[in-house]
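Below: one structure, written as structure tokens.
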Amino acid sequence: MSELKKKNFWHYREIPQDAKVKELMPDFKLEYVIREDTVPNNETCVWNHSIFPAGAKHYKHLHKYADEVAYIVRGQCLCGVTIDGKDVENVCGPGTAIWAARGQAHWHENIFDEPCEFVGVYCGCSSLEKSGYVDLRTEEEKLK
């Protein structure tokens, strides 16, 4: 992540594109707005803003050290979580909150013709790196 001056108020457009985010999630725009290097005294929370264009996919992954909550603001997407070893998917639209506990695999895909905008929080860490992100894509998916 880049060197930023810590402050208490941010607009998501002020956050520069992060190379690691672009590598893991190449199809969409995501800014980790609130994190350890953007606000003072933060050790436990990451807040993000995302826009998934039509067709974008965030492949199956998990966070070893953080719970995650996502909230759909506009549009809709297909969201999935693994529950008791079984993959469960649901179409989620505006007003829907999605929960993935630490260590629980989850993913998102915009199978619709309009962008999907959502906000999210990692609870229990202060950066993507400290969330313990584990990419669960297959080798075939990584080549796409």
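Miscellaneous remarks
- Accessible surface calculations at 1.4 Å, restricted to protein heavy atoms, place the chain at 54 Å² per residue.
- Kirkwood hydrodynamic radius over Cα pairs of the stretch 76-144, then Stokes diffusion coefficient at 25 °C and 0.890 mPa s, in µm²/s: 178
- Of all segments of the chain bounded by GluC sites (Glu not before Pro) found in a DSSP loop with no more than 13 other C-beta atoms within 10 Å, the longest spans 44-144.
- Accessible surface of the stretch 15-144 [probe 1.4 Å, protein heavy atoms]: carbon and sulfur percent: 54
- Trypsin sites (Lys or Arg not before Pro) within the stretch 62-102, DSSP loop, no more than 16 other Cβ atoms inside 10 Å: Lys64
- Alpha-carbon centroid distance for the pair the stretch 105-130 / the stretch 1-69, whole angstrom: 9
- Only aspartates and glutamates eight or more places from Lys5 in sequence, or on another chain, were considered; those with a Cα closer than 20 Å are Glu14, Asp18, Glu31, Glu36, Asp37, Glu43, Glu129.
- Relative contact order (%) - the stretch 51-98, alpha-carbon pairs under 8 angstrom, separation at least six: 36
- As a length-normalised measure over Cα pairs under 8 Å and 6 or more apart, the relative contact order of the stretch 7-144 settles at 30 percent.
- Of the chymotrypsin sites (Phe, Trp or Tyr not before Pro) found in the stretch 77-122, those that fall in a DSSP loop while having at most 16 other beta-carbon atoms within 10 Å are Phe112.
The values are calculated or read from the model by the stated rules, or taken from the named source; none is laboratory data. Treat the numbers as computed from the prediction; the structure is a model and nothing was measured. Cβ sites come from the backbone with ideal geometry, for glycine too, and all protein chains shown count toward neighbours. Just the protein is used for accessible areas: all its heavy atoms, side chains included, with ligands, DNA and RNA removed. Shrake-Rupley method; radii C 1.70, N 1.55, O 1.52, S 1.80 Å.
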